[in-house]
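One structure below.
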Amino acid sequence: PRKETTPSGRSINLALSARGISALAAVGAAETILSSAIPMKGRLIHGLDGSLSSQPYGVFGECINSIDRKLLNEHLITSVEELPNAEMHFEHELKECDFDRKEAVFIKKDGSTTTISADLIVGADGAYSTVRHQLMRRARISYSQEYIDHGWVELTIPPKDGEYAMDPNHLHIWPRQTFMLIALPNIDKSFTVTLFMPWEKFDSIHTETDLVRFFEETFPDALELMGYNLLVGEYFKNVKGNLISIKCSPYHFQDRCVLVGDAAHAMVPFYGQGMNCGFEDIQLLDEILTAHLRTSNSKHPSPIILAAALQFYSLTRSKNVTTMNDLAMHNYIEMRSSVTSWRYLLRKKVEGCVHWMFPRHVIPLYTMVSFTNIPYAEVKRRWERQSKMFKCAGWVVAGLGTAAATYGLLRYGGARVLGLLKWKHYYAIAAPAVTSAAPVEVKKVLSGVDVINGVWGALGSTWDVVKDACDVGNIQRGAASVWDKMRWENLGWK
């Protein structure tokens, strides 16, 4: 791999986050790899009118890291070379596995075959895994795959005057409801751009004119940055890729074989968790094997102990990764559409504010997925619970608003009306047990500024009560400074 150039247009840039970093740190590779990564502190949303809007990933400065796939592979291969008990063989294509004999047959570049014996066969051969295919012929493996009706193509924004053409510390998104463009920075000052959209839109672009018209209508600022010739050349040359989601269970067969990474759970790339999840697989598998080895006096576990360890890994991991598959699908909708919705933005700000005050108790979904090691199934459970909490809070606020408005009407507008009413004219306003003035006087009061002032006065009084209660509560930073520190600018929101 280090001697070959990566074929253009065949890879989506990688985003390294907490789970992947944790796994790399466990093998001493995190520092070297992060030195070649570019931190991205949030999304930068590009509007159709050319407007820009920054959406930070977190309120505590969290960031994900853009890294080139080929560069990452080179770092990992170099790290493995330094291990005294590891050998690497390239240009060997897996032909078949014999799990009963614990053997794997490979086809070499010259067409000859070689058979390798192993105590444990680890299938890490990607979404179209041969190991998984062989395993499904031998064991009872539940399996499902789903191609979504969207594809992708890789493009490039080159450097401008030797520098980045855009802010390199953001993941750039051009959301257009049913499709989107994203761009991640590279260390050579370029951006790797990926266009995701329905296949029917790809099929509608036949000529250079079609392509340029499409970009002029949907991504005019990106077209200016890419340039006509580069866009046309890459779009028609580069591969149009499929997007597939794969689930299977269990991930193991007795003490003979185990699946990890995309071979076990390929997912769409919209959460940037495919690589991170695969690295986490290895870290958890290593921890489980180590824990089970403690029960044995030998460095080589018995078949029973090894089978028990693989079964435990399979049972605990599959439910979490299945959840992540579903969350990745959900995040595509968020990236291409929801990021421009006022409801999404309002919840993001409110949830971020609450997370800032109670960082251990309320954590936004994206933060849990990308910046913690909380198991994915637990992430989803907590997210659903928080969603219910915010929904209930919304109803409470709406109810308080209604109550405050009613209170204002009664106190500031209604009191004056009642003072003018006389029992003998109660029939004039059809309100049982309420005395009344002449209808003209009632209309005058109800249509005057008294009612408006009453509503705003009641709302102001209600807010003062809430504010005072929170001040007294001394929630986190001290009663004297809580409200000052809750200002938007202190949370990083402009």
Suppose the filter is of a type outside the set (Val, Ile, Thr), farther than 27 Å from residue 131 by Cβ and open to solvent by 80 Å² or more (accessible area, probe 1.4 Å); does residue 90 pass it?
no
Give region 255-270 a look and list any residue that's in contact with a Leu (Cβ under 8 Å, 6 or more places away or on another chain) and of a type outside the set (Val, Ile, Thr), or say none.
255, 256, 257, 259, 269
Restricting the search to region 192-220, which residues are closer than 28 Å to residue 161 by Cβ and surrounded by 17 or more Cβ atoms within 10 Å (Cβ to Cβ)?
192, 193, 194, 195, 211, 214, 215, 218, 219
Can you report the number of residues in region 47-74 which are over 30 Å from residue 357 (Cα atoms) and surrounded by 18 or more Cβ atoms within 10 Å (Cβ to Cβ)?
3
Pairs, please: C-beta under 8 Å, at least 6 apart or cross-chain, first residue farther than 19 Å from residue 157 by Cβ and in region 184-206, second open to solvent by 20 Å² or more (accessible area, probe 1.4 Å) and among the basic types (Lys, Arg)?
202/240
So which residues in region 41-77 are out of contact with any Cys (no Cβ under 9 Å at 6 or more places or on another chain) and β-branched (Val, Ile, Thr), if there are any at all?
45, 64, 67, 77
For region 172-191, give me the residue count where each residue is under 17 Å from residue 221 (Cβ atoms) and open to solvent by 20 Å² or more (accessible area, probe 1.4 Å).
1
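Among the residues of region 310-320, is any more than 21 Å from residue 261 (Cα to Cα), surrounded by 12 or more Cβ atoms within 10 Å (Cβ to Cβ) and either out of contact with any Leu (no Cβ under 6 Å at 6 or more places or on another chain) or at pLDDT below 95 (or both)? Step through it out loud before you land on a result.
Residues of region 310-320 more than 21 Å from residue 261 (Cα to Cα): none.
No, that holds for no residue.
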What tally of residues in region 159-207 results from selecting those that are part of a helix (DSSP H, G or I) and of a type in the set (Ser, Thr, Tyr)?
1
Complete set of residues in region 123-135 that are surrounded by fewer than 16 Cβ atoms within 10 Å (Cβ to Cβ) and in contact (Cβ under 8 Å) with a residue 12 or more places away in the chain:
126
Condition set open to solvent by 10 Å² or more (accessible area, probe 1.4 Å) and not in a helix (DSSP H, G or I), scope region 8-23, selection modelled with the lowest pLDDT: answer is 8
Filter region 95-122 down to the residues that are open to solvent by 80 Å² or more (accessible area, probe 1.4 Å) and within 30 Å of residue 147 (Cβ to Cβ) and list them by number.
95, 96
Need the failing condition index for residue 369 against (1) at pLDDT 90 or above; (2) in contact with a strand residue (DSSP E or B) (Cβ under 6 Å, 6 or more places away or on another chain); (3) aliphatic (A, V, I, L, M), just the number.
(2)
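The values are calculated or read from the model by the stated rules, or taken from the named source; none is laboratory data. These figures come from a predicted structure and were not determined experimentally. So basically every Cβ, Gly included, is an ideal-geometry build from the backbone, and we count neighbours across all protein chains shown. To get the accessible areas, we keep the full protein, side chains included, count just its heavy atoms, and leave off ligands, DNA and RNA. Shrake-Rupley method; radii C 1.70, N 1.55, O 1.52, S 1.80 Å.
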